[in-house]
Amino acid sequence: MEVQQQITKVTTTYSSSTWSTGLFDCSSDMNTCCCGLWCLPCLQCQTVSDFGWCFCMPLLDCCLAVSCCLRSKMRERYNIEGSGIKDFFTMLCCYPCAWCQMSREIKTRG
């Protein structure tokens, strides 16, 4: 008796031009939000590493340059609408929440 296995691969594509989660959508991933709250540098290093950058880049983030650059590159890679000015003010006003959102985006689309 011969048994055949069938493997089905499900791929989710995001064609929308918005972030997959909101800026304050912590309830969608409590682990990420807790990490962002209690150890933001760890979350930052993990996020840039998952994105393909050197994990120590956030440690050089004076004046939001690395954060804004990552957010911009992430928008470009995932075809998310926005602008450099909006990225800057998002990072300026909601720094930990923006990092949590970027981390969730990589988890969702990565």
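The values are calculated or read from the model by the stated rules, or taken from the named source; none is laboratory data. Note that this is a predicted model, so its numbers are computed, not measured. FYI the Cβ positions are ideal-geometry reconstructions off the backbone, even for glycines, and counts take in every protein chain you see. Remember, those area values only see protein heavy atoms, side chains included, never the ligands or the DNA or RNA. Shrake-Rupley method; radii C 1.70, N 1.55, O 1.52, S 1.80 Å.
One table, with the values for the structure above:
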quantity: Yes/no for Glu81 being open to solvent by 50 Å² or more (accessible area, probe 1.4 Å) and not in a helix (DSSP H, G or I); calculated: yes
quantity: Verdict on Ser67 being crowded, with 17+ Cβ neighbours inside 10 Å, free of Cβ contacts under 8 Å to residues at least 60 places away in the same chain, among the small types (Gly, Ala, Ser) and more than 12 Å from Glu105 (Cβ to Cβ); calculated: yes
quantity: Cβ pairs under 6 Å, 6+ apart, first in segment 29-45 and under 19 Å from Thr108 (Cα atoms) and assigned to a helix (DSSP H, G or I), second open to solvent by less than 30 Å² (accessible area, probe 1.4 Å) and among the basic types (Lys, Arg); calculated: Thr32/Arg104
quantity: Selection count where residues are of a type in the set (A, V, I, L, M) and either open to solvent by less than 50 Å² (accessible area, probe 1.4 Å) or within 13 Å of the chain's Cα centre (by Cα) (or both), scope segment 19-41; calculated: 2
quantity: Residue match in segment 48-65 (condition: of a type in the set (S, T, N, Q), assigned to a helix (DSSP H, G or I) and in contact with a Ser or Thr (Cβ under 9 Å, 6 or more places away or on another chain)); calculated: no
quantity: Leading residue by the ranking (surrounded by the most Cβ atoms within 10 Å (Cβ to Cβ)) among those in segment 46-64 that are touching a residue at least 24 places away in the same chain (Cβ under 8 Å) and under 14 Å from Met102 (Cα atoms); calculated: Thr47
